[in-house]
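The next block holds one structure in the form of C-alpha coordinates; read it before the comments.
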Amino acid sequence: MPVQKTIVPVNLRRDIPPPVIEKTPSVISALSVRGFSPSTLDAYVTCPLLFYFTRLIGLEERQGFSTDIDAASRGDIIHRVLFDTFLPFAGMPVTRQIEDDVLESLDRALQSHFTAGPNSGEYYLFRNMARFKLRSFVKAHLKDRDEPFIIKYLEERLAMQFPAGGTMVTLSGKVDRIDFDPAGERYVVIDYKTGGDRKQYPSGIAGKTNFLDIRSIHEHVVSFQLPVYMNIFSAARNIPLENIDARLIMLGKNSEELFFKARQNKNGSLIAAYTEGIRTVIAHMLDPDEPFAAFDTRKCMECRARDLCHM
Ligand code: SF4
(Lines give C-alpha, C1' and ligand atoms only; values in the text may rest on other atoms or scores of the structure.)
Protein backbone atom coordinates (compact mmCIF):
# COMPACT_ATOMS: atom_id res chain seq x y z
CA MET A 1 0.00 0.00 0.00
CA PRO A 2 1.31 3.52 -0.66
CA VAL A 3 2.28 5.24 2.57
CA GLN A 4 2.16 8.99 2.88
CA LYS A 5 5.04 10.46 4.83
CA THR A 6 5.35 13.93 6.25
CA ILE A 7 8.63 15.26 7.52
CA VAL A 8 8.46 18.06 10.02
CA PRO A 9 11.92 19.48 10.76
CA VAL A 10 12.37 20.30 14.42
CA ASN A 11 15.71 21.62 15.60
CA LEU A 12 16.48 20.08 18.97
CA ARG A 13 20.22 20.56 18.65
CA ARG A 14 21.89 21.17 21.95
CA ASP A 15 24.14 24.18 22.39
CA ILE A 16 27.07 22.08 23.53
CA PRO A 17 29.52 21.75 20.62
CA PRO A 18 31.11 18.38 19.89
CA PRO A 19 34.52 17.80 21.46
CA VAL A 20 37.90 17.92 19.75
CA ILE A 21 40.07 14.97 20.76
CA GLU A 22 43.80 14.97 20.13
CA LYS A 23 45.47 11.98 18.48
CA THR A 24 48.18 10.79 20.84
CA PRO A 25 51.09 8.62 19.59
CA SER A 26 49.54 5.58 21.32
CA VAL A 27 46.21 6.14 19.56
CA ILE A 28 47.96 6.40 16.19
CA SER A 29 49.98 3.29 16.89
CA ALA A 30 46.78 1.41 17.94
CA LEU A 31 45.16 2.49 14.67
CA SER A 32 48.08 1.19 12.62
CA VAL A 33 48.26 -2.12 14.49
CA ARG A 34 44.53 -2.75 14.23
CA GLY A 35 44.44 -2.10 10.47
CA PHE A 36 41.62 -0.69 8.39
CA SER A 37 38.35 -2.12 7.12
CA PRO A 38 35.63 -0.57 4.96
CA SER A 39 33.38 0.05 7.97
CA THR A 40 36.10 1.91 9.90
CA LEU A 41 36.87 4.08 6.86
CA ASP A 42 33.17 4.82 6.31
CA ALA A 43 32.63 5.72 9.98
CA TYR A 44 35.62 8.09 9.88
CA VAL A 45 34.44 9.75 6.66
CA THR A 46 31.00 10.27 8.19
CA CYS A 47 32.56 11.87 11.28
CA PRO A 48 35.95 11.29 12.95
CA LEU A 49 34.23 11.59 16.34
CA LEU A 50 31.74 8.88 15.41
CA PHE A 51 34.69 6.68 14.53
CA TYR A 52 36.44 7.61 17.81
CA PHE A 53 33.46 6.84 20.07
CA THR A 54 32.09 3.74 18.40
CA ARG A 55 35.08 2.11 16.71
CA LEU A 56 38.13 3.18 18.63
CA ILE A 57 37.03 3.22 22.25
CA GLY A 58 34.09 0.90 21.61
CA LEU A 59 31.33 2.78 23.44
CA GLU A 60 27.82 1.54 22.83
CA GLU A 61 25.80 3.17 20.11
CA ARG A 62 22.35 4.47 20.93
CA GLN A 63 19.89 1.54 20.96
CA GLY A 64 16.27 1.59 19.80
CA PHE A 65 13.38 0.70 22.10
CA SER A 66 12.98 -2.85 20.89
CA THR A 67 14.01 -5.60 23.28
CA ASP A 68 13.63 -8.09 20.44
CA ILE A 69 16.22 -9.04 17.84
CA ASP A 70 18.22 -5.97 16.78
CA ALA A 71 19.08 -4.82 13.25
CA ALA A 72 22.68 -6.12 13.39
CA SER A 73 21.53 -9.60 14.44
CA ARG A 74 18.89 -9.62 11.71
CA GLY A 75 21.60 -8.75 9.17
CA ASP A 76 23.79 -11.56 10.51
CA ILE A 77 20.99 -14.12 10.23
CA ILE A 78 20.21 -13.07 6.64
CA HIS A 79 23.90 -13.34 5.72
CA ARG A 80 24.14 -16.82 7.29
CA VAL A 81 21.04 -17.94 5.38
CA LEU A 82 22.49 -16.70 2.08
CA PHE A 83 25.83 -18.35 2.79
CA ASP A 84 24.16 -21.71 3.44
CA THR A 85 21.88 -21.27 0.43
CA PHE A 86 24.71 -20.81 -2.07
CA LEU A 87 27.33 -23.06 -0.47
CA PRO A 88 26.13 -26.28 -2.24
CA PHE A 89 26.52 -24.50 -5.60
CA ALA A 90 30.02 -23.09 -5.02
CA GLY A 91 32.42 -23.89 -7.86
CA MET A 92 29.73 -25.06 -10.26
CA PRO A 93 27.98 -23.21 -13.09
CA VAL A 94 24.77 -21.53 -11.95
CA THR A 95 21.99 -20.59 -14.38
CA ARG A 96 18.26 -20.01 -14.10
CA GLN A 97 17.72 -23.70 -14.94
CA ILE A 98 18.64 -24.60 -11.36
CA GLU A 99 16.35 -22.00 -9.74
CA ASP A 100 14.23 -24.71 -8.06
CA ASP A 101 17.34 -26.30 -6.53
CA VAL A 102 18.51 -22.94 -5.18
CA LEU A 103 15.06 -22.23 -3.74
CA GLU A 104 15.06 -25.65 -2.04
CA SER A 105 18.48 -24.88 -0.60
CA LEU A 106 17.14 -21.52 0.62
CA ASP A 107 14.20 -23.21 2.35
CA ARG A 108 16.58 -25.60 4.13
CA ALA A 109 18.77 -22.69 5.24
CA LEU A 110 15.76 -20.73 6.49
CA GLN A 111 14.55 -23.79 8.35
CA SER A 112 17.87 -24.27 10.12
CA HIS A 113 18.40 -20.60 11.04
CA PHE A 114 14.88 -19.84 12.19
CA THR A 115 14.11 -22.82 14.41
CA ALA A 116 15.33 -21.10 17.58
CA GLY A 117 14.48 -17.49 18.31
CA PRO A 118 12.30 -15.30 20.49
CA ASN A 119 8.66 -16.33 20.64
CA SER A 120 7.36 -12.90 19.74
CA GLY A 121 5.23 -11.21 17.11
CA GLU A 122 8.19 -9.12 15.97
CA TYR A 123 10.32 -12.20 15.37
CA TYR A 124 7.43 -13.97 13.62
CA LEU A 125 7.10 -11.03 11.23
CA PHE A 126 10.86 -10.91 10.67
CA ARG A 127 10.94 -14.64 9.84
CA ASN A 128 8.09 -14.37 7.34
CA MET A 129 9.41 -11.19 5.79
CA ALA A 130 12.89 -12.72 5.46
CA ARG A 131 11.46 -15.78 3.71
CA PHE A 132 9.43 -13.66 1.30
CA LYS A 133 12.28 -11.24 0.53
CA LEU A 134 14.91 -13.95 0.05
CA ARG A 135 12.72 -16.05 -2.23
CA SER A 136 11.99 -12.92 -4.29
CA PHE A 137 15.71 -12.16 -4.41
CA VAL A 138 16.67 -15.65 -5.64
CA LYS A 139 14.04 -15.56 -8.37
CA ALA A 140 15.05 -12.07 -9.57
CA HIS A 141 18.75 -12.92 -9.29
CA LEU A 142 18.46 -15.98 -11.54
CA LYS A 143 15.69 -14.72 -13.82
CA ASP A 144 17.75 -13.76 -16.86
CA ARG A 145 20.78 -15.92 -16.18
CA ASP A 146 21.00 -18.01 -19.32
CA GLU A 147 24.79 -17.78 -19.33
CA PRO A 148 26.33 -19.54 -16.33
CA PHE A 149 28.25 -17.82 -13.57
CA ILE A 150 30.44 -19.57 -11.04
CA ILE A 151 30.40 -18.80 -7.33
CA LYS A 152 34.12 -18.74 -6.51
CA TYR A 153 34.16 -17.48 -2.91
CA LEU A 154 31.65 -17.11 -0.10
CA GLU A 155 32.32 -14.95 2.96
CA GLU A 156 35.97 -14.73 2.02
CA ARG A 157 38.33 -12.91 4.40
CA LEU A 158 40.91 -10.97 2.43
CA ALA A 159 43.72 -8.57 3.33
CA MET A 160 46.51 -6.62 1.71
CA GLN A 161 49.34 -4.32 2.64
CA PHE A 162 48.41 -0.86 1.44
CA PRO A 163 50.67 2.22 1.25
CA ALA A 164 49.10 5.24 2.98
CA GLY A 165 50.22 8.05 5.28
CA GLY A 166 53.90 7.33 4.61
CA THR A 167 53.69 3.75 5.87
CA MET A 168 52.26 0.34 4.97
CA VAL A 169 48.97 -0.53 6.66
CA THR A 170 46.73 -3.59 6.60
CA LEU A 171 43.52 -3.18 4.67
CA SER A 172 41.10 -6.06 5.18
CA GLY A 173 37.51 -7.16 4.89
CA LYS A 174 35.14 -10.09 4.53
CA VAL A 175 33.48 -10.24 1.12
CA ASP A 176 30.01 -11.79 1.00
CA ARG A 177 30.44 -13.42 -2.40
CA ILE A 178 32.70 -13.34 -5.45
CA ASP A 179 31.44 -14.77 -8.74
CA PHE A 180 33.35 -15.57 -11.87
CA ASP A 181 31.73 -14.88 -15.21
CA PRO A 182 33.35 -17.32 -17.70
CA ALA A 183 31.78 -15.54 -20.69
CA GLY A 184 33.35 -12.19 -19.88
CA GLU A 185 36.33 -13.64 -17.98
CA ARG A 186 35.49 -11.25 -15.17
CA TYR A 187 35.06 -11.48 -11.42
CA VAL A 188 32.16 -9.82 -9.63
CA VAL A 189 32.49 -8.79 -6.00
CA ILE A 190 29.08 -8.89 -4.33
CA ASP A 191 27.89 -7.38 -1.08
CA TYR A 192 24.42 -8.02 0.35
CA LYS A 193 22.71 -5.05 1.96
CA THR A 194 19.88 -5.70 4.39
CA GLY A 195 19.09 -2.08 5.29
CA GLY A 196 19.16 1.44 3.89
CA ASP A 197 18.15 2.48 0.42
CA ARG A 198 20.53 5.38 -0.22
CA LYS A 199 22.60 5.06 -3.41
CA GLN A 200 26.15 4.23 -2.36
CA TYR A 201 27.99 4.83 -5.64
CA PRO A 202 26.19 7.64 -7.47
CA SER A 203 27.08 8.20 -11.09
CA GLY A 204 29.15 11.31 -11.74
CA ILE A 205 30.84 11.13 -8.34
CA ALA A 206 34.33 11.29 -9.88
CA GLY A 207 33.52 14.68 -11.43
CA LYS A 208 32.25 16.10 -8.15
CA THR A 209 34.80 14.75 -5.71
CA ASN A 210 38.39 15.66 -5.04
CA PHE A 211 39.65 12.33 -3.75
CA LEU A 212 42.77 14.01 -2.34
CA ASP A 213 40.67 16.19 -0.03
CA ILE A 214 39.07 14.63 3.06
CA ARG A 215 36.31 17.26 3.23
CA SER A 216 35.34 16.70 -0.39
CA ILE A 217 35.29 12.97 0.35
CA HIS A 218 33.10 13.64 3.42
CA GLU A 219 30.70 15.66 1.24
CA HIS A 220 30.30 13.18 -1.58
CA VAL A 221 31.48 9.65 -0.81
CA VAL A 222 28.90 7.41 0.83
CA SER A 223 30.98 4.25 1.11
CA PHE A 224 34.41 2.83 0.35
CA GLN A 225 33.24 -0.73 0.84
CA LEU A 226 33.24 -2.03 -2.75
CA PRO A 227 36.48 -0.25 -3.76
CA VAL A 228 38.22 -1.71 -0.69
CA TYR A 229 36.93 -5.19 -1.54
CA MET A 230 38.05 -4.84 -5.16
CA ASN A 231 41.53 -3.76 -4.08
CA ILE A 232 42.03 -6.47 -1.48
CA PHE A 233 40.66 -9.18 -3.78
CA SER A 234 42.93 -8.00 -6.58
CA ALA A 235 46.00 -7.99 -4.31
CA ALA A 236 45.23 -11.19 -2.40
CA ARG A 237 44.36 -13.31 -5.44
CA ASN A 238 46.62 -11.60 -7.96
CA ILE A 239 43.74 -10.60 -10.26
CA PRO A 240 44.15 -7.37 -12.26
CA LEU A 241 41.77 -4.65 -11.00
CA GLU A 242 40.46 -4.14 -14.53
CA ASN A 243 39.06 -7.70 -14.48
CA ILE A 244 36.92 -7.00 -11.42
CA ASP A 245 33.36 -5.62 -11.27
CA ALA A 246 31.40 -5.04 -8.10
CA ARG A 247 27.78 -4.72 -7.10
CA LEU A 248 25.54 -4.30 -4.09
CA ILE A 249 22.47 -6.46 -3.76
CA MET A 250 19.79 -4.51 -1.90
CA LEU A 251 17.66 -7.26 -0.36
CA GLY A 252 15.03 -4.89 1.04
CA LYS A 253 14.19 -3.43 -2.36
CA ASN A 254 15.17 -6.55 -4.32
CA SER A 255 17.41 -4.49 -6.56
CA GLU A 256 21.08 -4.18 -7.43
CA GLU A 257 23.47 -1.25 -7.56
CA LEU A 258 26.47 -1.57 -9.86
CA PHE A 259 29.77 0.05 -8.91
CA PHE A 260 30.54 0.69 -12.58
CA LYS A 261 27.42 2.12 -14.18
CA ALA A 262 28.40 0.93 -17.68
CA ARG A 263 31.32 -0.83 -19.30
CA GLN A 264 33.31 2.27 -20.22
CA ASN A 265 36.96 3.23 -20.40
CA LYS A 266 36.36 5.59 -17.48
CA ASN A 267 35.98 2.59 -15.17
CA GLY A 268 39.74 2.35 -14.66
CA SER A 269 39.94 5.98 -13.57
CA LEU A 270 36.93 5.57 -11.24
CA ILE A 271 38.48 2.73 -9.24
CA ALA A 272 41.84 4.58 -9.29
CA ALA A 273 40.11 7.69 -7.86
CA TYR A 274 38.44 5.67 -5.08
CA THR A 275 41.75 3.97 -4.32
CA GLU A 276 43.36 7.41 -3.96
CA GLY A 277 40.45 8.34 -1.68
CA ILE A 278 41.15 5.32 0.55
CA ARG A 279 44.75 6.54 0.81
CA THR A 280 43.59 10.09 1.70
CA VAL A 281 41.28 8.84 4.46
CA ILE A 282 43.90 6.57 6.05
CA ALA A 283 46.55 9.32 5.87
CA HIS A 284 44.11 11.67 7.66
CA MET A 285 43.37 9.03 10.28
CA LEU A 286 47.08 8.62 11.00
CA ASP A 287 47.90 12.34 10.97
CA PRO A 288 48.76 13.52 14.54
CA ASP A 289 47.96 17.11 13.52
CA GLU A 290 44.36 16.23 12.63
CA PRO A 291 42.44 15.66 15.86
CA PHE A 292 39.22 13.67 16.05
CA ALA A 293 36.82 16.51 15.28
CA ALA A 294 33.51 16.82 13.43
CA PHE A 295 33.70 17.91 9.78
CA ASP A 296 30.33 19.60 10.38
CA THR A 297 27.34 19.24 12.70
CA ARG A 298 24.55 19.13 10.10
CA LYS A 299 23.72 15.49 10.73
CA CYS A 300 24.29 15.39 14.49
CA MET A 301 20.59 14.95 15.28
CA GLU A 302 20.48 11.78 13.17
CA CYS A 303 23.76 10.47 14.55
CA ARG A 304 23.66 7.27 16.56
CA ALA A 305 26.50 8.55 18.80
CA ARG A 306 24.99 11.92 19.63
CA ASP A 307 24.34 11.04 23.26
CA LEU A 308 28.03 10.21 23.66
CA CYS A 309 29.17 13.27 21.81
CA HIS A 310 26.97 16.20 22.81
CA MET A 311 26.96 15.46 26.52
S1 SF4 B 1 26.91 13.74 17.08
FE2 SF4 B 1 27.76 14.95 15.38
S3 SF4 B 1 29.85 15.46 15.96
FE4 SF4 B 1 29.14 13.82 17.33
S5 SF4 B 1 29.82 11.89 16.40
FE6 SF4 B 1 27.78 12.29 15.64
S7 SF4 B 1 28.01 13.45 13.72
FE8 SF4 B 1 29.96 13.54 14.84
A chain fully extended from Asp76 to Ser216 at 0.36 nm per residue, minus the present Cα-Cα distance, gains in nm 47.2 nm
Run through all the Cα pairs of region 37-165 and give the fraction in each 10 Å bin from 0, expressed as whole percent. 10, 30, 27, 25, 8, 0
Just how large is the dipole of region 163-311 about the Cα centre, in debye to the nearest 20, putting +1 at every Lys and Arg Cβ and -1 at every Asp and Glu Cβ? 340 debye
Under a cut-off of 14 Å between alpha-carbon atoms, report the aspartates and glutamates in cross-link reach of Lys139, not counting same-chain residues fewer than 8 places apart. Glu99, Asp100, Asp101, Glu104, Asp107, Glu256
Using mean Cβ contacts within 10 Å as the protection proxy, how do 277-287, 243-253, 122-132, 152-162 order, highest first? 277-287, 243-253, 152-162, 122-132
Accessible area per residue in Å² at 1.4 Å probe, computed on the chain: 54 Å²
Which value, in debye to the nearest 20, gives the size of the charge dipole of the chain about its Cα centre, when Lys and Arg are +1 and Asp and Glu are -1 at the Cβ? 480 debye
Taking a ≥ b ≥ c as the square roots of the eigenvalues of the Cα gyration tensor, with a/c under 1.5 meaning rounded and otherwise prolate when a/b exceeds b/c and oblate if not, region 202-259 is oblate
Got a sec? Charge dipole of the chain, +1 on Cβ for Lys and Arg, -1 for Asp and Glu; which of Ser32, His284, Ile151 is way out at the positive end? His284
Just subtract the alpha-carbon distance of Ala183 and Val8 from 0.36 nm times their residue separation and send over the number in nm, one decimal. 57.9 nm
Label-point separation, Arg127 to Asp307 (7 Å along Cα→Cβ), nm: 3.0 nm
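Using a 1.4 Å probe over the heavy atoms of the protein chains, calculate the carbon and sulfur portion of the accessible area of the chain as a whole percent.
Here it works out to 53 percent.
If you restrict to DSSP beta bridges whose two residues both lie in the chain, what percentage is antiparallel, to the nearest 5?
On the way: 25 of 34 bridges.
Roughly 75 percent of the DSSP beta bridges within the chain come out antiparallel.
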What 222 nm value per residue comes from the helices of the chain, counting each DSSP H run with n ≥ 4 as -39,500 (n - 2.57) and dividing by all residues, nearest 500 deg cm²/dmol? -12000 deg cm²/dmol
Gained length - Asp107 relative to Ser39, 0.36 nm times residue gap less alpha-carbon distance: 21.4 nm
Measuring from centroid to centroid over Cα atoms, what is the spacing of region 263-302 and region 169-219 in Å? 13 Å
Pairs to check: Lys208/Lys299; Lys5/Lys261; Lys133/Lys174. Give those whose C-alpha atoms are more than 28 Å from each other in this structure. Lys5/Lys261
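The values are calculated or read from the model by the stated rules, or taken from the named source; none is laboratory data. The model shown is predicted, which means the values in this text are computed figures rather than measured ones. Glycine also receives a Cβ, built like all others from the backbone with ideal geometry; neighbour counts cover every protein chain displayed. For the accessible areas, the whole protein counts, side chains as well, though only heavy atoms, and no ligand, DNA or RNA atoms are used. Shrake-Rupley method; radii C 1.70, N 1.55, O 1.52, S 1.80 Å.
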